[in-house]
1. Which listed residue (A:PRO557, A:LEU483, A:PHE291) has the Cα farthest towards the positive end of the charge dipole for chain A, taking +1 on Lys and Arg C-beta and -1 on Asp and Glu C-beta about the Cα centre?
2. With +1 on each Lys and Arg Cβ and -1 on each Asp and Glu Cβ, how big is the dipole of chain A about its Cα centre, in debye rounded to the nearest 20?
3. Please report the spacing between the Cα centers of region A:332-373 and region A:18-46 in Å, no decimals.
4. Run the dipole for region A:244-378 about the Cα centre, Lys and Arg Cβ at +1, Asp and Glu Cβ at -1, nothing else charged, and hand back the magnitude in debye, nearest 20.
5. Gain in length, A:ASP171 to A:ARG285, computed as 0.36 nm per residue apart minus the alpha-carbon separation, to one decimal in nm?
6. Projected onto the charge dipole of chain A (+1 at Lys/Arg Cβ, -1 at Asp/Glu Cβ, origin at the Cα centre), which of A:VAL138, A:MET522, A:ALA77 gives the Cα projection farthest towards the positive end?
7. Does anything in region A:26-55 have its amide N under 16 Å from the 7 Å Cα→Cβ label point of A:SER204, and if so which residues?
8. I need the calculated FRET efficiency for the pair A:ALA308 and A:GLU82, taking r as the beta carbon distance and R₀ as 60 Å, to the nearest 0.05.
Amino acid sequence: MSSRLPGHSDPPETTLARIMDERRAKARALRTAGSDPYRNDIGPAISLAEVRARYQATRPASAGDPAAARDKGEGIAPIDGEVHRVGGRAMGKRGFGKTVFVPLRDTTGDLQLYLNVDHLDPGDFAAIVPQLDAGDLVVAEGPAFWTRRGELSILAKRLWITTKALRPLPDKWHGMTDVELRYRQRYVDLAISPEVREVFRRRSQIVTGIRRFLDARGFLEVETPMLHPIISGAAARPFQTHHNALDMDLYLRIAPELYLKRLVVGGFERVYEVNRNFRNEGLSRKHNPEFTMLELYQAYATYTDLMAMTEELFGELAREVSGGTRVAWEGVALDLAPPWRRLSVRDAVRELGGVAEASRIFEDPAFAAEAAIAAGVPAADVVGVLRAPLGDQAGHDAEAVKAGFKDPAQRPGVARALLERYSDLADPEARRIAAGHLGYLVFEATAEAKLVQPTFLTEFPLAVSPLARRNDRDGAFCDRFELFISGKEIANGFSELNDPDDQRSRFLAQARARAAGAAETMDFDEDYCRALEVGMPPTAGEGMGVDRIAMVLTDQPSIRDVILFPLMRPE
RNA sequence: GGGGGCAUAGCUCAAUGGUAGAGCAUCGGACUCUUAAUCCGCAGGCUGAAGGUUCGAGUCCUUCUGCCCUCACCA
């Protein structure tokens, strides 16, 4: 506490401490003059943008031509008799002795104050103006006029400092360029950078637009638990926490999915939730440990219905937020106008991954294992997939086969040997499911980053989709899509699995995969199976990464640029 | 976790191994239409932290801390 008292917050010899001491002295001077430097008895009566809008049409023809204005000998002429009380942050202070200009900024925009000894209340001019610094929050009252240079200004009659700022603003020309400081001190970043405010204003528009879009289609917004007793709804590592009174370990949710589908069982046939998910994983330009996800579920719909609705939603958001469906991200032109390309995982591997025998990858696990290694998938992952059906009966021999995979000539033999060892893969369906899983790894390694224009990836292998409905024609695949834009996964949707017994077997497969060493798997959710036994209507569901949508629609390179306070290590 | 880069005044940046500087901001002065105002002047530093090499380190070496990029991880 004592270290936060005036004069003790920083070593007194630094420039910053001196500036802060000077500003504290100015606050004291204001108090001495009877003006509270942290007053709350006055505020603006009109926004800066409203003032600007009101007088836009009155701009004189001579404005902007100071020489002409001087020749005519014009004095200061208020545009009309109306007095406006405006307020905002003083972004600077340009003094000319008996005249001072103060550019103000509020939520809506900028407007300049003109403080002049002949017009401002003499007491205010003597007591307030000398104590005013850039960064202070200010209210002023007076009529509007046009300066000779054509700048709309408030000819201040009265002036108040409503909040005395103790810290100086960053360099007025360069601003705050250190990204670390921008993230850590977002309040400063926002205060001085209109373009940063604009990004977050547009992010807010996106969230509002999503709600309006879904509300208009009969969806009900709900809130489901963030504290989960088990890991459910996605394959990801969770944050762990503990409830003291119940002495119960809990996880922060990695996805709301299974709760939302319980609501569909309960009869809410169209529900959605926009809220945070938490995943205890690495950070990158595309990943923040807490991120905002939209999840929606619609009964009596299929994944193809949701693809169409997603196109429609994006079109609406792009028009509202980006001014159209043609946007640029990192200098690359993106065309968001529907319809978007539909591409199966298999065809993506063939066309974008350059794998001629893509079909065989999804049939033959030995061939798929070879292709995965050739594509650069770690041997441990390949072994993990082949071993997954066996659970903890399997040996942990990834290292042993790694060497064998290094030599391309030995790969087919090593792959076959693995298959023989894991004899459960003799079952034809198990073989296809393993091949599908490996094929998906090949997709990720070779094709994913090349999906720049909006593309719906379809026909996902069952093994990587534990909650999706099995395809009616080919049980090794499921009725699922993912939306990719700029190489980023933006959305993931599927026709939901509502066969309780099939769901049980999928959960068991997850448990076996975990026993075999997989790090990110779902827990068996017995209550969810019970819900499915009560009966969930045929339903399609989808999750969308709101942060990533914001990145695309505001042309921001990092997820941290669309999250107000991204996770940082302590200073 | 691996690799690469960055860290100097409040802010933005300089400084071959040889006395740490500039612009802006601050402070003092001049100035009644400026808008990166202008002009004059004064201040402001444990060079992220700790070790080491050297006659001498902002600079070279080691370790640590933080941030960025990249890879790994990651529906």
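What follows is calculated from the coordinates using simple rules that are stated; it is not laboratory data. Here the structure is a predicted model, which means the values were calculated and not measured. A quick note on method: Cβ atoms are made from the backbone with ideal geometry, for glycine too, and the neighbour counts reach across all protein chains shown.
1. So the residue furthest toward the plus end is A:PRO557.
2. Values: 74 positive and 83 negative charges, 448 e Å.
Rounded to the nearest 20 debye, it is 2160 debye.
3. Each part reduced to its Cα centre gives a spacing of 65 Å.
4. 160
5. 38.3 nm
6. A:ALA77
7. Under 16 Å, as judged by backbone N against the label point of A:SER204, lie A:47-50 of region A:26-55.
8. Step by step, r from the Cβ atoms, then E = 0.70.
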